[in-house]
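Following: one structure in structure tokens, then a few remarks.
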């Protein structure tokens, strides 16, 4: 009998601890890095052994079937390529460090290492990365009963104090101190703790330690947050690589994804160019005449200036990550105030990141077009992250995002008035309806919001009923965009 997982959420606190506790934590993070790298290396060996098996390679070339998948799974188990076999492997590694790392914490590290190699095994990743000395790492438990745990306002880690040994050498007791006026944190701490995660980050050049409590249930409701708990209110979302179009009964809007990240992008490019120049100057023998890197094992030397720039780049990436996540959280909250029946196209953003395969030429000047697509925009704007956040927030209401069938619906090509499909170029930003011209992305969001319950076609009757209201809201939004100071948004209505 399988046990159903209960809903959970995470709350984070900074750890304000003395230097001697920081030293003990640092030692455990180093050990965790060793355990993770050991598991990653072993998982890679088993992955390569499985891939070299002749029967396994033959089965991969066969048509997909349940019998084929079963045989493939049996071969993987034969070579020990599974999560639980990695748990068995990590036992011997953990025994060497049992005074610092518990068995359950080691198992979690083994799971993370196996999942990284599993992505490589199934073609979802190109490589795996071992944790270096400068990389951030986290340690988490599987329960809140032994080892790393939360109890009575303290994070405990290590052997419990006893009468014989009141102060164990490896014992850690770190208090959590939420702010007095932080009502959300105090309410969250009343919920049952599933397990604890400790992590370290480098903030402005200083190492800081944080603890995340994974709590059971749903997060407390904030007093200033409004959520439209109405399933009848539909919201259509047409999300792109840099913008999102929203259509509902009360609002039609085109917004830029994470606009705060734009300014930091320019600084990042300057830092990376400066780092590249420094690296080439310090290591001239590692580059060919055409300025590409030589193949084979190379020794790299980095100047102090390079190290400073690397530190500055890391800090900038951290700031961009926080700004992007904050912007997405705010946008998700704004969308949820409009309704809870949220519909979006099924998108594979990974395919938009890849370079174009076919070589094409510009029709005007005959030059070869660039093969790069939307990889940089997707990396900076993270549209998939926004959908994940919306889905997580909807789960608190017992709902989820409704993903329509993109190929069956063809929202970007459909015209609900003529019932025809007309393929458009990406540069065509407007739909012509005779006396009216409607912005393409906003119209797609309108059609997505008015799909039928099977999510595979547009409900024309519903579109006709909502059309007049949509046109009125659309004209208001276009007028706002034309006066906007945002160049990206103005380009979409130019």
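Every read-out reported here was derived from the displayed coordinates using simple, explicitly stated rules and does not represent laboratory data. These numbers were taken from a predicted model, which means no experiment stands behind them. Backbone-built Cβ (ideal geometry, glycine too); neighbour counts: all protein chains shown.
Worth pointing out:
- Most to least packed among 192-203, 452-463 [average Cβ atoms within 10 Å]: 192-203, 452-463
- The residues 418, 243, when put in order of fewest to most other Cβ atoms within 10 Å, stand as 418, 243.
- Proportion of all alpha-carbon pairs of segment 8-216 beyond 27 Å (%): 42 percent
- Over the chain: helical MRE at 222 nm, DSSP H runs n ≥ 4 each giving -39500 (n - 2.57), nearest 500: -14000 deg cm²/dmol
- Likely footprinting exposure, 39, 261, fewest C-beta neighbours within 10 Å first: 261, 39
- Cβ-based exposure ranking for 97, 81, in which fewest neighbours within 10 Å come first: 97, 81
- Between helix 103-121 and the chain: long-axis angle, C-alpha atoms, 0 to 90°, nearest 10: 40 degrees
- Entry for Rg/Rh (Cα atoms, Kirkwood Rh) (calculated from the structure that is shown) out of (i) 0.96; (ii) 1.00; (iii) 1.05: (ii)
- Here segment 172-316 has an Rg and Dmax of 24.2, 66 Å, counting Cα atoms alone.
- Cα gyration tensor shape of segment 79-138, rounded if a/c is under 1.5, else prolate or oblate by comparing a/b with b/c: oblate
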